[in-house]
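A.B. asks: The structure follows.
The values are calculated or read from the model by the stated rules, or taken from the named source; none is laboratory data. Quantities reported herein were computed from a predicted structural model and do not represent experimental measurements. Here the Cβ positions follow ideal geometry from the backbone for every residue, glycine too, while neighbour counts run over all protein chains shown.
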Amino acid sequence: MSVKVPARDEALELFKEYNKSDSLLKHALSVEAVMRYLAEKHGEDPDEWGVVGLVHDIDYEMFPNEHCKKSNEILSRNSWPEHYIRAVASHGWGICSDVEPVSLMEKYLYTIDELTGLVATTAMVRPSKSILDTEVKSVKKKWKDKRFAAGVDRSLIEKGAEILGLETSEVIDLTIKGMRRVAEEIGLKGDL
């Protein structure tokens, strides 16, 4: 079986085969947009980074107890390149995977995965309900309230920022800017 580089529409179709939840799709689209934005900033391939971001949770809905393990099977069965499969597995490092993020793509995926949830939740509680006017200071303010978006593991984001050699505020800024590109698709265009 030969390895093929997946096109974005194929990746989305495969993701939807394993995930029916609207919120999980919006999360996948958010992570994809941020990864594309980051790839462009670093002179990397936005299609590669975006597709990896899009499918990073491919096994989450159907196989929550085997998250980051079933993804290997699914993507291998579909002849995906090994470095895509490795990157997907690395986002769960220390939680459900022992694959440490090493490449720049892997480090960013690990860092921004949880962060997109915190940014989205922050945008939803704004008067405008929009990512388009969400600022770093708004996210940082909500960051301190551990009851707000309680499912978001802030320590993972901090660890990821440290691995990247960035301040948390910088990573938040990059994440907001990436998510703004898909504001409408992820339901965060709001009243602006």
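A.B. asks: Among the listed residues V119, V88, identify the single one that is β-branched (V, I, T), buried (at least 19 other Cβ atoms within 10 Å of the Cβ) and either in contact with a Cys (Cβ under 6 Å, 6 or more places away or on another chain) or more than 15 Å from L24 (Cβ to Cβ) (or both).
C.D. replies: V119
A.B. asks: Sticking with this structure for a sec: Which is out of contact with any Asp or Glu (no Cβ under 9 Å at 6 or more places or on another chain), β-branched (V, I, T) and more than 26 Å from H67 (Cβ to Cβ), of V119, V136, V125, V102?
C.D. replies: Answer to the check: V125.
A.B. asks: Does the range 155-163 include one or more residues that are in contact with a Pro (Cβ under 9 Å, 6 or more places away or on another chain) and modelled with pLDDT of 95 or more?
C.D. replies: Yes - at least one qualifying residue is present in the range 155-163.
A.B. asks: While we're on this one: Does any residue in the range 49-72 that is among the basic types (K, R) come within less than 8 Å, Cβ to Cβ, of a residue that is in a loop (DSSP other than H, G, I, E, B) and surrounded by fewer than 23 Cβ atoms within 10 Å (Cβ to Cβ) six or more places away or on a different chain, and which pairs are these?
C.D. replies: Taking only residues 6 or more apart or on different chains, the pairs are K69/F63; K69/C96; K70/M62; K70/F63.
A.B. asks: Let me ask you something else. Of all residues in the range 47-84, count the ones that are in a helix (DSSP H, G or I) and within 10 Å of the chain's Cα centre (by Cα).
C.D. replies: Matching residues across the range 47-84 total 5.
A.B. asks: Could you say whether any residue in the range 103-119 is under 16 Å from I163 (Cα atoms), at pLDDT 95 or above and assigned to a loop (DSSP other than H, G, I, E, B)?
C.D. replies: Yes, there is a match, as at least one residue in the range 103-119 is under 16 Å from I163 (Cα atoms), at pLDDT 95 or above and assigned to a loop (DSSP other than H, G, I, E, B).
A.B. asks: Right, something else. May I ask you to say which residue of G151, G190 is farther than 17 Å from Y37 by Cβ and touching a Leu at 6+ places or on another chain (Cβ under 8 Å)?
C.D. replies: Result: G190 is the single residue among G151, G190 that is farther than 17 Å from Y37 by Cβ and touching a Leu at 6+ places or on another chain (Cβ under 8 Å).
A.B. asks: Scan N78, N65 and give me the residue that is at negative phi and touching a Leu at 6+ places or on another chain (Cβ under 8 Å).
C.D. replies: Testing whether each residue is at negative phi and touching a Leu at 6+ places or on another chain (Cβ under 8 Å) leaves just N78.
A.B. asks: How many residues are in contact (Cβ under 8 Å) with a residue 40 or more places away in the chain and either part of a helix (DSSP H, G or I) or within 8 Å of the chain's Cα centre (by Cα) (or both) when one looks only at the range 33-46?
C.D. replies: 8
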